[in-house]
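Below is one structure, written out as structure tokens; the observations come after it.
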Amino acid sequence: MAHPTTNILTSSGEQALPAEDMATTEDLLRFVRALRSAGILDFLTGLLEQKDPVLHITVGQMNQAGVKHAINNLEQLAAFMGSMSQDSWDMALHALGNGLESMARTKPSRPGEGMGIFQLLGALKNPDTAQGLRTLLSFLEGFGRSVGGRTPVPERTK
């Protein structure tokens, strides 16, 4: 329960704060000193002293269409990320990292150099490439189903 803030100092000037409040006060002073040494205290003090102009500018910036769209997109992204299982995110991010590393190790092709049908078929002999293509095609199937407005396929069980 909070203690009343009256009679913090006695008439003789002795501190009347309980020991736990003294510890809290010391922690608060350490915190304020750290804010001051980092230069944050002056910034926050100025911000609070100029709260009306700062609030006016902030509201003006937040009221722009681009900011509203960004906030809406972040909300949708958070909802999307929350709808996926942790295992799915872990697998997808790990696979993405491996794919980017493999891509970085690949020697660049010469400008205008194409890939023949036999080179493509030869690449499909690699089981990792074939699995990646199957995964990409599966992704495209679900993506196209959603874009086409058809109902999604029920989630597969492991």
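Bear in mind these aren't lab numbers, they're just calculated from the coordinates by the rules spelled out. Keep in mind that this is a model prediction, so the values were computed, not measured. Cβ: placed from backbone, ideal geometry, glycine included. Neighbour counts: every protein chain shown.
Note on LEU136 and SER83: with the Förster distance fixed at 30 Å, the Cβ-Cβ geometry gives a FRET efficiency of about 0.90.
With r as the distance between the Cβ atoms of ASN72 and THR24 and R0 = 41 Å, compute the FRET efficiency 1/(1 + (r/R0)^6) and round to 0.05.
Efficiency, rounded to the nearest 0.05: 0.50.
In order along region 109-117, the Karplus-derived 3J(HN,Hα) couplings, from 6.51 cos²θ - 1.76 cosθ + 1.60 at θ = phi - 60°, round to 7, 6, x, x, 6, x, 10, x, 5 Hz, and Gly and Pro are given as x. Straightening the chain between LEU100 and LEU47 buys 14.7 nm, computed as 0.36 nm per residue apart minus the Cα-Cα spacing. Would region 16-158 count as rounded, prolate or oblate if I go by the C-alpha gyration tensor, calling it rounded below 1.5 in a/c and otherwise prolate when a/b exceeds b/c, oblate otherwise? Judged from the Cα gyration tensor, region 16-158 comes out prolate (a/c at least 1.5, a/b above b/c). Given R₀ = 25 Å, FRET efficiency for MET91-LEU120 by Cβ-Cβ distance, to 0.05? Computed FRET efficiency for MET91 and LEU120 comes out at 0.45.
Remark: region 45-54, residue by residue, has Karplus-estimated 3J(HN,Hα) of 4, x, 4, 5, 5, 10, 4, 5, x, 5 Hz, where x stands for each Gly or Pro and the curve is 6.51 cos²θ - 1.76 cosθ + 1.60 at θ = phi - 60°.
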